[in-house]
Amino acid sequence: MRAVNYNPKLRLQLLLILLSISIIANIFGSYFTRFFIAEITILSIFAISLDFIASRGGMVSLGHAMFLGIGAYSTAILSINYGISPLSSTLSTFIIGAIIGLIIGYFIVFLDGIFFIMVTLALGEMFNAWVFTSDFLGGSDGISGIIRPDFSQIGIDMNNPLTFSFYVILWLLGIYFLLTKITDAPLGRNLDAIRQNSHRISAIGGYTKAYKAIAFSLSAGIASIAGSLYVQLNGFISPELTHWTVSGEGLIMIIVGGIGSISGAILGATVVHIIQHELSNIINWWMLVIGFGFIFIVLFMQDGLWGLLERIQKKLK
Amino acid sequence: MLLSLNNINKSFGAIKVLNNVNIISERKECIGIIGPNGAGKSTLFKVISGNLKQDTGDIFFNNTNITNFNTEKRARLGISQSFQKNSLFPEMTVKESLALALTHKYNVSFNIFNSLVNNKNINTDAINIAKDIGLSDYLETKSDNLAYGLQRQLELGIAIACNPTLLLLDEPTAGMSPLETKEIIKLIKKLSINYSIILVEHDMEVIYELAKRIYVLDRGSLIFEGDQKSVKNSELVQQKYLGI
């Protein structure tokens, strides 16, 4: 699988631009804008979890919405049934998601290409079917009444969309810096090399399976955080969140942004979600437009919007 | 003795590809394995590197029985290989490729906090290896953009960056021009001072130039073993391999 050029400088520049736009829009935007930014930020966290395993290890997952669901349902159960604070719930969901990801990853990371995609799809659909029929998880009605973190003691009202939006942006920044650190570290570079030539990594003594299992586990934990934040934003969770099409949309976001740059995944999530939202307000056949746009990018812009930015940057120099 | 292959047999269905092969490699010795097409050279190479499992027979490396070790484990013990067809990291530069291989030498491949670019020891080593293999001028060139001969050199560089004891070289001059072949022979000669080398080649001139001891394979069986002079003078080898 192809990934974009390794360019830490542009990665940081793009993040700063996106961050500035979101901060300005958050401060001067309406109630709805702030809610929308929080939604985009959570989708960005989900997208970079997918981007990380796709570009580091070459693992394309069509079942990652399962981890989004694990994060969302765990948060709902931990905070409603066990009275655990929402912040601790989010931290716990990372651990729960990462452990489940490590167990699943241990058994599937040796699979390549289509086999990996199909196994993750099957696992995701099994989880979706189970969630739909589970009384404990609320079945098709889902679970409602999930609260947001309470920072009122330090004078912060998390029910205000402005503060909650900044709260999820902070999560995104933390995850961004963790993943960029790993990407630039020996483990990340080995994972990148596995995507390019896993056979050679084995031949130089690399622990191919272990690297991939760690990456899958970390990605699962991050997707779970996205699920936890999503459920806190909306106050409820329904099984639709765990459907494979959610994973598919995540993959569209990273392809549009450019696979492998992290910041590109955030850009992709932002652009795709805005287009989806705006187009659906104007026309009924908006999915057709999104579909054609996606095909265009796959055929003519395989580096996605990241590639376009790189070309613009080169021309400006 | 560094490596010992004892009674190695390998079949693919009804076809016997390796038949009771016994090979010994001493420390810092360059040995050559030759044979016509279909003799079993590549299969033997894959058996030594762990890419293929033999049906019967044992392999000892540094007094350790590595018969059941996979490629990764053998590489970590010090068996490094370069491939007949280039097997590089196409999107990585020469320096990145070498640095990546060095993460295994320095046992830091699981590190998640320190940037590889800022690792001074690894970077210095990567630059030194690039110098040794003649790629100093291409440090920032992506391996996919290197000329074929330079890719072969990088192939060797990655193999030696893992700090091996034994280098397995599968047709290192395959597809090279005479000039490039000369360069790679010079390079392997230099490497043979510090490393044990097993060279699989079909080009007799390359083998005569580099190998101190030569094993001749024919239809999966070893038919001769000796130095280059005795190989040149062997009637059996002339008959079976050189077709004289």
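Within the stretch B:20-51, whose backbone N sits under 14 Å from a point 7 Å along Cα→Cβ of B:His202?
Inside the label zone: B:34-43.
Report for chain B the percent antiparallel among DSSP-assigned beta bridges with both residues inside it, nearest 5. Can you show the working numbers first?
Details: 20 of 37 bridges.
Taking every DSSP beta bridge within chain B, about 55 percent pair in antiparallel fashion.
Using the Cα atoms as the points, what is the convex hull volume per residue of chain A in Å³? Working shown, then result.
Working: hull volume 45.8 nm³, N = 317.
Dividing the Cα hull volume of chain A by its residues yields 144 Å³.
Please give the Cα centre distance for the stretch B:54-123 versus the stretch A:263-293, rounded to the nearest Å.
44 Å
Can you give me the relative contact order of chain B as a percent, contacts being Cα pairs under 8 Å and 6 or more apart? Could you put the intermediate results ahead of the total?
Working: 444 pairs, mean separation 68.4, N = 244.
Rounded, it is 28 percent for chain B.
So how compact is the stretch B:1-102: Cα radius of gyration and Dmax in angstrom?
In order Rg, Dmax, the Cα atoms of the stretch B:1-102 give 15.1, 46 Å.
For the pair A:Phe296 and A:Asp141, how long in nm is the line joining their label points, each one 7 Å along Cα→Cβ?
The answer from the label model is 4.5 nm.
If you rank A:Val131, B:Val206 by fewest surrounding Cβ atoms within 10 Å, what's the result? Walk me through the intermediate numbers first.
Working: A:Val131 26, B:Val206 23.
Going from sparsest to densest Cβ surroundings: B:Val206, A:Val131.
Given +1 on the Cβ of Lys and Arg, -1 on the Cβ of Asp and Glu, and no further charges, what dipole in debye does the stretch A:8-316 carry about its Cα centre, rounded to the nearest 20?
Values: 14 positive and 15 negative charges, 221 e Å.
Here the stretch A:8-316 has a charge dipole of around 1060 debye.
How well do other chains shield peptide A:6-12, expressed as the mean number of their Cβ atoms within 10 Å of each residue Cβ? Mind dumping the intermediate values first?
Details: counts 4, 0, 2, 0, 0, 0, 0.
Rounded to a whole number, the mean comes out at 1.
Can you tell me the 0 to 90 degree angle between the C-alpha axis of helix B:120-132 and the longest principal axis of chain B, rounded to 10?
Orientation of helix B:120-132: about 50 degrees from the principal axis.
Nearest 5 percent is fine: what portion of the DSSP beta bridges confined to the protein assembly as shown is antiparallel?
Working: 23 of 40 bridges.
About 60 percent, rounded to the nearest 5.
Give me a single rounded figure for B:101-112: the average over its residues of other chain Cβ atoms within 10 Å of their Cβ.
Numbers: counts 7, 2, 9, 7, 2, 1, 2, 4, 12, 8, 7, 12.
Counting Cβ atoms of other protein chains within 10 Å of each residue's Cβ and averaging gives 6.
So for each of A:260-266, B:177-183, B:107-113, B:80-86 I average, over its residues, the number of other beta carbons within 10 Å; can you give me the resulting order with the highest mean first? Don't skip to the end; give the middle numbers.
On the way: A:260-266: 30.6, B:177-183: 14.0, B:107-113: 16.1, B:80-86: 20.9.
Going by the mean number of other Cβ atoms within 10 Å, highest first, we get A:260-266, B:80-86, B:107-113, B:177-183.
Can you bin the protein assembly as shown into rounded, prolate or oblate? Criterion: square roots of the alpha carbon gyration tensor eigenvalues sorted a ≥ b ≥ c, rounded for a/c under 1.5, prolate for a/b above b/c, oblate for the rest. Can you show the working numbers first?
On the way: a/c = 2.72, a/b = 2.19, b/c = 1.24.
In terms of gyration-tensor shape, prolate.
Given C-alpha coordinates of the stretch A:170-236, what is the ratio Rg to Rh with the Kirkwood estimate of Rh? Please list the in-between numbers first.
Values: Rg = 15.0 Å, Rh = 13.4 Å.
So for the stretch A:170-236, dividing Rg by the Kirkwood Rh gives 1.12.
How far is helix B:148-161 tilted, in degrees, relative to the longest principal axis of the Cα atoms in chain B, given as a value from 0 to 90 rounded to the nearest 10?
Once rounded, the angle reads 80 degrees.
Determine the calculated [θ] at 222 nm for the protein assembly as shown from helices alone, applying -39500 (n - 2.57) to every DSSP H run no shorter than 4 residues and normalising by the residue count; nearest 500 deg cm²/dmol. Could you put the intermediate results ahead of the total?
On the way: 20 runs with 319 residues, N = 561.
Calculated mean residue ellipticity at 222 nm is -19000 deg cm²/dmol.
Taking H as built 1.01 Å from N, whose amide H comes closer than 5 Å to the amide H of B:Asp218, not counting residues under 5 places away?
HN-HN under 5 Å from B:Asp218: B:Ile223.
Can you name the helices of chain A, as whole DSSP H runs, whose Cα span along the helix axis is 24 Å or more and whose Kyte-Doolittle mean is not below -1.0? The partial results should precede the final answer.
Numbers: long enough: A:8-28 (30 Å, 1.67); A:31-55 (35 Å, 1.50); A:86-108 (32 Å, 1.84); A:113-133 (31 Å, 1.60); A:161-184 (34 Å, 1.38); A:208-234 (39 Å, 0.76); A:263-282 (29 Å, 0.88).
Passing helices, by number: A:8-28, A:31-55, A:86-108, A:113-133, A:161-184, A:208-234, A:263-282.
What are the equivalent ellipsoid semi-axes of the stretch B:3-242, built from the alpha-carbon gyration tensor (square roots of five times its eigenvalues), in whole angstrom, biggest first? Present the calculation step by step, with values, prior to reporting the outcome.
Working: eigenvalues 199, 88, 44 Å².
Here the semi-axes work out to 32, 21, 15 Å.
About the Cα centre of the stretch B:3-242, what is the dipole size in debye to 20, counting +1 per Lys and Arg Cβ and -1 per Asp and Glu Cβ, all else neutral? Can you show the working numbers first?
On the way: 27 positive and 25 negative charges, 90 e Å.
For the stretch B:3-242, the charge dipole is close to 440 debye.
On C-alpha positions alone, give me the angle between the axis of helix B:94-105 and the longest principal axis of chain B, in degrees, nearest 10.
70 degrees
Here, each number is a calculation from the coordinates, and none is a lab measurement. Quantities reported herein were computed from a predicted structural model and do not represent experimental measurements. So basically every Cβ, Gly included, is an ideal-geometry build from the backbone, and we count neighbours across all protein chains shown.
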